[in-house]
Amino acid sequence: MTEPDPPEAAAPAAPPRRIAVLTPTGFPGLPVYRLPDDLPDPPVGARLAVPFGSRVVTGLRAPGVPDPLPPGTVEREVLAVFDDVAFLPERTIDVLLRAAAYYFAAPGELLRTGVPPRLLSIGPARFASTRAAVGARPADPRAREVLDELLTSGPSDAARLAERLGPRGLGTALRSLLDSGLVAVPAETLRASRAPQARSYAARPLPPGAVAVLARRPKARGVLHEIAARGRPVSEAEARAAGATPALLRSLVALGALAVAEEERAADLAAHVGRPRPSPRVVPTAAQAEAAAAIGAALAAGSATSFLLEGVTGSGKTEVYLLALERALAAGRQGVVLVPEIALVPALVGRLSGRFPGRVSILHSGLSDGERAAEWERARKGSVDVVVGPRSAVFAPLPRLGLLVVDEAHDASYKQAEAPRYDARTVARVRAHEEGAVLLLGTATPAMEQEQAARDGRLTRLVLPERPGARRRADVEVVDLREEEARPGDHGRVLLAARTRQILKDAFDRGEQAILLLNRRGFSPSLLCRACGNDFRCRSCSVARTYHRRGERLLCHYCGDVLRRPRACPACGSEVLMPVGFGTERLAERFEEAFPGIPYAVLDRDAAARRGGAAGVLADFESGRARALLGTQMVAKGHDFPDATALAVLDADAILSFPDFRSAERTFQLVTQAAGRVGRGERPGIVAVQTARPDHEAIRAAVAQDHRRFAEGELRFRRAFGYPPFSHLLMALWTAKEQERALAGARAGRTALEAAGMASSGVRILGPAPAPLERLKGLYRVQLLLKADAREPLAGAGVLLAGLPDPPRLDRDPQSLL
């Protein structure tokens, strides 16, 4: 008799599938979720719906295997998988995560920066009770009330629950019910968002029975006749013009009389940047050809090479960008061009569109949410080859990126001042390395970090030493304000010196244009009571409010607090209130006095915020409708005005007094860049530099337009005092409503750093000390400045400070110490 076979051992249960998810939230890491058995395993970069708190958000699967969850952690499940292929490539996610780690930012903050919010949004989640909820009685009364409502009234979203039950405690109750399995979000109710769609309609052969239906509906019959007569698909707007309503169009589609097609609605670029400009091919200079050849060789090799294109103002750096983009596109690659200001986008896109028609897109905050989503999707799908924009465009999802151009690469605007505090130039370098792309930094005035990198061989320097043809750089003339008599009532200050007025008058008499640079907006930096000295200081910030004649208001440019200009001083009752100093509004008033009848335009942040914005102001000047352009540093950035021959820098000393080691560098760059805006056409240019410190090295080098001379002296200063590029910086800032609390936080931070032995790791700690702007937006500010010769010790210091009970705001590689 044979023995029966022993029963087979049960197969061990498969371990739960856990994945890390990049969510568009402020969560400090990558939350881990369990992937249910009924959902497919998504690729890295696919979009997912996951619960986060009491919300449902769209996240992206992150690379790597997550660490085991700590004991006692409530494990939450992925609700839906939206993509079977990556929505965002893994290499782009790697760049986002590396940037988040380097700048001590939440990964989700970088995700929100890199991907339009519309594409990460999700419709209102509907909460439904599960089978386990029947008969369940949660201990928490609020959770019990919510569950009873769902059992009684059926599935509902959070907004309707708040209407019925009130909002207090609703989020906590929903999260508790989700975690306990008594409530779920049905996956079939979740949909991934997409870019706006444009529908078109075309007439089809009528199916059987349609003729009889249309015979009873004369309006529908008439609309169908109009659409069919076009002989092509018509847009929704054309269909409406033919008398169609949305309901009528839906009925004709359902009847089979119309076919409907959907495609992503592209932004109207002409509305943002104007029409493409002719961009005729020119014979490049020898220096341009040599630079383009070097970039082309790197593109052909597919190597991640970094170049510094140092060209004097007006030397044709943009033409080198165009030549480099031609080579990239010819090799089947694509390019991103970064600019420091949105105001620079229209002119550059106009030239690029003239050379690459239909292949250029823009990404910036001036687009609507729908437009930005549409342009981002066009880039992701490879429908365009060139993307232009300010710093956030560094994340443009071009699938075959081969070239990253950073125009005006010295500009501090590439570093974001608010969280996440990333520097687009650094991110561009990392992304170029990850994707085997060429990085091209273009500027006439390299930052000292870029200058030293070129000297060390980390950047390959390409030089454009002269302007093309016979055009020479503008002559620069110093106007010494110490020898100028101030106008009565101007408190010893001089706005328009006699020599400056003469230079401007000569230009206008010749029928030419002029630019006036004053780096302060408003009418005057402050309003002063002559009787008691009250300067109407902001209640929340340690700065005086700026007086704006437009609207008669006193505005704090840091927190936005505004007051109507009073008739009398609220402190003493005196009616003698004197504007002190000069801003662009007062400059406009004085300009009208000095040059009556000369039309002018003003370009500052106030003008840029009004309807038409900076693009409208620049168009007025470029067309000649305005013969003078008055403005802040926005007028000095990368513009090309062939008919502008005279420029006045009205206060070259303004930045020199800033308590920042970069103040001399910023002064040199501003004056040099401003001088390069004129004399770019056939006629020579002249620049007046008004200064009370003509012997300062930054002023002297800027007047000579000699970057090498300035760099030699500035690098010696930086090396002697241990500032970048010979060190790396981390700024830690504590803020509090009470000064002593902010100071206590900074002291505790220093104590923690010292206890961890950071000094032995090469970290030098300066402070704590009040920030130069000691109080902003109602908060006192105390800071530590950390220096190190290498980046790694600062990374450890930042992690330590971020983990303190009272963590500071951390700014890696700060561009301002204010």
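The values are calculated or read from the model by the stated rules, or taken from the named source; none is laboratory data. Given the structure is predicted, the values throughout are model-derived calculations rather than measurements. Every residue, glycine among them, receives a Cβ derived from its backbone with ideal geometry; neighbour counts consider all protein chains shown. The protein model used for the area step is the full one, side chains on, heavy atoms only, and it has no ligands, DNA or RNA in it. Shrake-Rupley method; radii C 1.70, N 1.55, O 1.52, S 1.80 Å.
Work out how much length Ala752 to Arg144 would gain on full extension: take 0.36 nm times their residue separation and subtract the Cα-Cα distance, in nm to one decimal.
Length gained between Ala752 and Arg144: 214.3 nm.
Setting aside same-chain residues fewer than 8 positions from Lys637, which lysines have a Cα under 22 Å from its Cα?
Partners within reach: Lys317, Lys415.
Of all the Cα-Cα pairs you can form in the chain, what percent are over 54 Å apart?
22
Taking only protein heavy atoms and a 1.4 Å probe, what accessible area per residue, in Å², does the chain have with all protein chains in place?
With the other protein chains kept in place, the chain gives 45 Å² per residue.
Report the extension gain between Val562 and Ser365 in nm, rounded to one decimal, defined as 0.36 nm multiplied by the number of residues separating them, less their alpha carbon distance.
Values: separation 197, 0.36 × 197 = 70.92 nm, distance 2.51 nm.
Full-extension gain reported as 68.4 nm.
For the chain, take the longest principal axis of its alpha carbons; what is the angle in degrees between that and the long axis of helix 345-355, to the nearest 10 within 0 to 90?
For helix 345-355, the angle is close to 80 degrees.
Roughly what angle does helix 613-623 make with the longest principal axis of the chain, taking Cα atoms, 0 to 90 degrees, to the nearest 10?
Roughly 50 degrees between the two axes.
Looking only at the chain, where both bridge partners belong to it, what percent of the DSSP beta bridges are antiparallel (to the nearest 5)?
If I count the DSSP bridges inside the chain, around 55 percent turn out antiparallel.
Which order do you get for Glu435, Glu589, Glu792 if you rank them by accessible area with a 1.4 Å probe, largest at the top?
Glu792, Glu589, Glu435
How long are the semi-axes of the equivalent ellipsoid of region 632-786, taking √(5λ) for every eigenvalue λ of the Cα gyration tensor, in whole Å from largest down?
Calculated on Cα positions only, the semi-axes equal 40, 19, 12 Å.
Once you have the Cα-Cα distance between Ala286 and Val799, take 0.36 nm times their residue separation minus that, and quote the gain in nm to one decimal.
179.7 nm
How charged is the neighbourhood of Leu753? Take every other residue with its Cβ under 13 Å from the Cβ of Leu753, and add Lys/Arg as +1 and Asp/Glu as -1.
Neighbour charge sum, excluding Leu753 itself: +3.
Given 20 °C and 1.002 mPa s, how large is the Stokes-Einstein diffusion coefficient of region 662-725 in µm²/s, with Rh as the Kirkwood radius over Cα pairs?
168
Kindly state, to the nearest 0.05, the FRET efficiency for Thr172 paired with Leu39, given R0 = 25 Å and r defined as their beta-carbon distance.
Once rounded, the FRET efficiency stands at 0.40.
With a/c under 1.5 counting as rounded, go ahead and sort region 605-701 into rounded, prolate or oblate using the C-alpha gyration tensor (a ≥ b ≥ c being the square roots of the eigenvalues; past the cut-off, prolate if a/b is larger than b/c, else oblate).
Oblate shape, in that a/c is at least 1.5 and b/c is the bigger or equal ratio.
Express the carbon and sulfur contribution to the solvent-accessible surface of the chain as a percent, rounded to the nearest whole number, probe 1.4 angstrom.
Heavy-atom surface of the chain belonging to carbon and sulfur, 1.4 Å probe: 52 percent.
For the chain, what is the mean residue ellipticity at 222 nm derived from helices alone (per DSSP H run of n ≥ 4: -39500 (n - 2.57); sum divided by total residues; nearest 500 deg cm²/dmol)?
Working: 26 runs with 275 residues, N = 818.
That comes out to -10000 deg cm²/dmol.
Over all alpha-carbon pairs of region 28-187, lay out the pair-distance distribution in 10 Å bins, whole %, shortest bin first.
For region 28-187, the binned pair fractions read 9, 35, 32, 19, 4, 0 percent.
Can you give the accessible area of Tyr201, probe radius 1.4 Å, in Å² rounded to 10?
10
Under the definition of Cα pairs under 8 Å and six or more residues apart, what whole-number percent is the relative contact order of the chain?
9
Quick check on region 707-818: take the gyration tensor over C-alpha atoms, sort the square-rooted eigenvalues as a ≥ b ≥ c, and tell me if it's rounded (a/c under 1.5), prolate or oblate.
Details: a/c = 2.59, a/b = 1.43, b/c = 1.82.
Oblate shape, in that a/c is at least 1.5 and b/c is the bigger or equal ratio.
How much solvent-accessible surface does Thr25 expose, in Å² to the nearest 10, with a 1.4 Å probe and all protein chains in place?
10
If I measure Cβ to Cβ between cysteines in the chain, which ones have no partner under 4.7 Å?
Lacking a cysteine Cβ partner under 4.7 Å: Cys559.
Taking Cα pairs under 8 Å and at least six residues apart, what relative contact order does region 470-558 come out at, in percent? Kindly include the intermediate steps, with their values, before the conclusion.
Numbers: 76 pairs, mean separation 13.4, N = 89.
It rounds to 15 percent for region 470-558.
Using Cα atoms only, what is the angle between the long axis of helix 317-330 and the major principal axis of the chain, expressed in degrees (0 to 90) to the nearest 10?
Long axis of 317-330 versus the principal axis of the chain: about 30 degrees.
Working from the pairwise distances between different alpha carbons, so that the mean of 1/r is found and then inverted, what is region 24-110's Kirkwood radius in Å?
13.6
For Met578 and Ala237, FRET efficiency with R0 = 45 Å and r from the beta-carbon atoms, rounded to 0.05?
0.20
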